[in-house]
Structure formats: C-alpha cells, structure tokens
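What follows is one structure encoded as structure tokens, with my remarks underneath.
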Amino acid sequence: VLKNCSYNRVPAMPGMVLFGRRWAIGSDDFVFPGAFELFIRLIWWIGILVLYSIHKGQFNCAGGGLLHSYLLVLLVLLAAIICALSSILYISMQGTISNPGPRKSLPKLLYLRLALYLPELVWAVVGAIWVSDSRVNCERTMISAIFGTVIASWAIIIFTVVAVVIVFDPLGGKKTFYIAHCPNRNLESSQSGQLFYNVKKTATRVWEKRIRLLFCCIVQDDDHRVAFTSIAELFGSYFSDTDLVPSDVAAGLTLLHQEQDKVENCPKEPEEVLTQSPLSPVVNDLDEELENAAHYMKFAAAAYGWPYYVMANPFTALCKLKSDCCRRTPAETDIIGDDCFSMHFGSILKITGLQYRDFIHISFHNKVSSVGRKKIYQDILTDLSADCENLTLEDVLENGLVHKGITQAANYIYRRLINDGILNQAFTIAPEYKLVVVGHSLGGGTASILAIMLKNAFPNLKCYAFSPPGGLLSKSLADYSKQFIVSVIVGKDVVPR
C-alpha cells in the first residue's frame with residue numbers, strides 16, 4: 001500500500017488547480033498577461049474618467065441618463081478589475097520557479113477576477129444595446145466613446161475565453177482525482193488497476209486527438225494512424241507522472257542554454273574533443289578527418305533535393321537545373337518514387353559533383369517508416385515516435401536500446417539494401433570501394449543506426465552523422481559506435497545536444 005503519492009507531481013512547478021481540476025498553467029505564468037491587461041485597463045479607466053469629467057452636466061440629451069449611469073458603473077467596475085489584476089500580478093511575481101509557496105493565495109484571487117467577468121459581460125451587453133438604440137440622441141463623441149468601450153469589453157471577454165480553452169487540460173480532472181484519493185489506495189487492487197487503465201486510455205486518446213489536429217494537413221493513411229497511436233501512447237506515459245506546464249518546458253530550455261554556455265566557456269583542444277573516449281582510436285590527422293567530414297556533408301545535404309539547391313544558389317539554380325531536367329538517366333539506374341522533371345536528381349548531381357553513371361539506386365520514396373527525400377511532416381512523425389526498442393547485435397552487444405521511429409526508418413533502408421541486393425550490386429561493380437553512410441538531422445540518426453546494423457557485414461564501414469538527434473542510442477551502443485561513427489554538431493544545436 002502506497003501512502004505517499006508525491007512522486008506523481010513535481011513540487012517545484014505544479015499546474016494550477018481551479019474548480020477541482022488541474023490546468024496547463026502555473027501560478028507564476030500570470031505576470032506578463034496580467035501586466036498587459038492591467039496596462040490596457042488603466043488606459044481605459046483613465047480615458048473614461050476624462051470623458052466623464054469633460055461631459056459632466058451634459059447628460060440632459062435623449063438617453064443621457066442611461067449614458068451617465070453606464071459610465072459611472074463602468075468606472076467602478078474597471079476600478080475593481082484593476083485592483084484584482086494588481087493583486088494577481090503582485091502575487092504571481094512572488095516566490096521562484098522552485099518555490100511556489102508564496103503564490104498559494106493566487107487561486108482565490110483568480111476566482112475573484114473570474115467573478116468580475118459576469119457583471120462586465122452584462123454591462124457589455126447593456127452598452128451594445130445602448131449604442132444601437134436609434135432613440136439615443138447625444139453628442140457624437142460620447143456615443144463613439146461608448147462604442148469603443150463596448151468593443152474593448154467584448155474583445156477582452158473573447159480573448160479570455162480563448163485563453164481558458166488553451167490552458168484547459170482534458171486530463172486535469174483525472175489527475176486531480178487520482179492525486180486527491182491516492183493516499184488511501186492500494187496500487188495492487190483491481191480498483192486502482194482500473195483507475196490506472198482509464199487514466200492511460202484517456203491520456204492516449206487526448207494526445208492522439210492533439211496529434212491528429214497538429215497534422216491535419218497531411219493524408220492520414222494507415223501508416224500515419226499507427227504512428228499517431230504510437231506517439232500518443234508515448235506522450236501519455238511520459239507525462240503521466242509529471243506535473244508540468246508549457247512555461248516549465250520553456251524555463252527548462254532556458255536553464256539548459258545557460259548551463260551549455262558554462263560548459264562552452266571551458267575550451268578543449270580539438271584533439272581532446274575528437275578523441276575524448278578511451279574506446280575511440282587515436283586520430284593522427286585531425287585535419288584529414290575534418291576534410292572527410294566536409295566532403296561527405298555535400299552528400300548529406302544533397303538528400304534535400306532541389307529546395308536546398310535553390311536556397312544555396314537563389315539566382316542561378318533554376319537556370320542550371322533547366323539544362324538537365326530533360327536529360328535521360330541511364331537505363332540501368334534504379335529510380336523509385338516521384339521526381340517531377342528530375343529536379344531532385346538534377347540537384348543531387350549539382351551538389352555532389354557526381355555523374356549519372358555513379359548512381360546504382362535512387363529512391364525518393366517517403367513514408368513515416370522510411371527516409372527518402374525530406375518531407376517535414378513525415379520527419380516530425382518519425383522523430384516523435386521516440387519510444388525505445390531493443391537492438392541486439394549478435395556476438396557484439398546484447399542489450400542495446402535505440403530510438404523506435406528512427407530505427408523503423410533504418411530497418412526500411414536496411415531491407416532495401418540487403419534483401420533487394422543493392423549493396424551486392426554496388427560492390428560487384430566496384431569491389432575496391434569502401435562503404436560510407438551519411439545523413440543530416442533525422443537522416444543522421446538513421447545513418448547511425450543503419451551503420452550499426454551493417455557493421456558486422458562490412459567491417460570497414462564508416463558513418464558521418466551531421467547533427468543526429470539526441471536520445472538516439474543507449475550508452476552501450478553509443479560506446480560501441482564510437483569506433484566507426486563520426487558525429488558533427490554545429491554550435492548550440494538543441495536537437496543533437
């Protein structure tokens with residue numbers, strides 16, 4: 001029996017609990033929005049006060065009595081809202097990220113602020129009725145001012161509703177229920193088991209809806225649906241025992257950036273950076289290794305096709321590609337996938353400096369489980385399939401863990417290379433050549449895992465991975481791969497670091 005369930009929430013930065021449920025916003029997240037609304041309300045209040053002072057005693061027109069009452073009530077209502085906002089702003093500024101205690105009274109102030117929305121809504125309706133009444137015959141300046149206040153009131157109300165929808169956590173009720181009742185629950189009981197199952201099922205369903213909405217622009221076939229479900233299960237399990245809000249993630253990235261700056265201020269010699277692992281072979285010529293990396297980067301960049309080539313050569317790319325678009329590729333070249341007007345293949349030739357005869361197999365095939373020509377939605381889905389799976393290497397390593405989505409892409413290419421005999425064909429034509437695997441970003445991660453898969457069959461293989469994603473390999477696999485994989489990372493690139 002577990003009596004203390006504090007592990008289910010991060011005490012440093014918990015989400016706000018209002019109306020008996022958790023929300024995706026922290027108690028320290030009201031400083032900037034609160035200051036912005038406070039500024040607007042102060043300007044608004046001062047403007048209404050000046051308007052009222054200037055036209056005081058001039059409310060004897062038709063409908064003037066209603067105008068006089070409207071302005072007075074609006075001044076009082078705005079003053080109350082300003083006081084509430086000032087209190088929320090002050091309390092939200094107290095404490096620190098890791099010490100939310102001084103902000104414990106904030107929910108009560110939020111209840112008060114939300115209560116003030118009801119009279120504001122009523123008064124906005126009254127103002128809308130008043131300015132639309134044709135019987136009102138007062139000075140045009142006053143009518144325009146009232147019209148402006150009505151528009152401002154409705155704008156703020158609509159903005160608040162949108163903000164509430166954004167910070168609403170569909171899982172907040174489940175989490176709050178679980179945390180509130182957890183101290184008296186036996187985690188091995190059937191009731192607790194059913195509760196865990198329901199929470200997990202709900203979390204997966206919510207995350208799947210979010211992911212489908214995020215990728216609403218792509219055709220959602222069976223491959224995509226499987227990927228959506230896999231990613232949703234991962235996210236559901238990953239965030240099931242955390243109490244984080246979006247600002248926590250932003251704060252974490254900021255702290256990580258500062259920590260990275262500290263590490264950068266401790267310079268190392270290039271040789272030390274390159275050969276810091278005792279398992280890595282000593283590199284006698286660093287310049288030669290860097291030259292090799294620069295050479296192979298052209299091949300990794302070429303995978304992006306004509307968009308990259310046009311970006312690199314904005315004034316001449318289209319003219320250069322036009323001269324090649326109608327040329328026929330050799331019949332023995334195996335091309336898979338769509339390459340309209342041979343734009344991608346032409347760009348690859350230009351970037352790498354190779355000839356048509358140098359290519360044996362070309363694939364522009366692109367799926368969630370494969371990597372061909374880059375397509376951003378598929379790449380994101382592959383990256384987000386970030387669960388781990390085992391990669392067993394016979395006679396080398398038993399319990400290696402790899403990134404699931406990227407491994408699926410590497411498996412697809414491995415099957416094409418081995419089962420379809422592409423590598424055998426290549427080495428039959430050029431047996432003196434060595435095998436080098438290259439890739440950038442997601443392609444760099446795929447190249448790394450593919451190189452590990454191919455290492456036994458091709459002992460002299462080498463891989464150049466440019467900015468491969470972090471969290472790619474477990475430590476045992478990472479140590480094993482240092483002997484034949486060179487990773488190149490630019491500056492503070494957050495993806496690999």
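Using only Cα atoms, locate the centre of segment 432-461 and the centre of segment 106-142, then give the distance between them in Å, rounded to an integer.
So the separation of the two Cα centres works out to 67 Å.
Based on the Cβ-Cβ distance from VAL31 to LEU256, what FRET efficiency comes out when R0 is 30 Å, to the nearest 0.05?
Given R0 = 30 Å and the Cβ-Cβ separation, E is 0.85.
For segment 26-157, compute the orientation-averaged projected area of the C-alpha convex hull (one quarter of its surface), in nm².
Taking a quarter of the hull surface, the average projection is 7.8 nm².
Compute the distance in nm between two label points, each set 7 Å from the Cα along the Cα-to-Cβ direction, one at SER144 and one at VAL164.
3.4 nm
Tally Lys/Arg at +1 and Asp/Glu at -1 over every other residue whose Cβ is under 15 Å from the Cβ of ALA84; what's the total?
Here the charged neighbours net out to +1.
Rank by packing, highest mean first: peptides 67-75, 93-101, with packing defined as the count of other Cβ atoms within 10 Å averaged across residues.
Most protected by this proxy first, the peptides run 67-75, 93-101.
Once you've got the Cα coordinates, tell me which of LYS262/LYS482; LYS298/LYS404; LYS108/LYS201; LYS434/LYS492; LYS209/LYS262 are over 29 Å apart.
As for pairs spanning more than 29 Å Cα to Cα, those are LYS108/LYS201; LYS434/LYS492; LYS209/LYS262.
None of the figures in this text is laboratory data; all of them are computed from the coordinates on show. Bear in mind the structure is a predicted one, so any value in this text is a computation, not a measurement. Methodologically, a virtual Cβ is constructed for each residue, glycine included, from the backbone with ideal geometry; neighbour enumeration extends over all protein chains shown.
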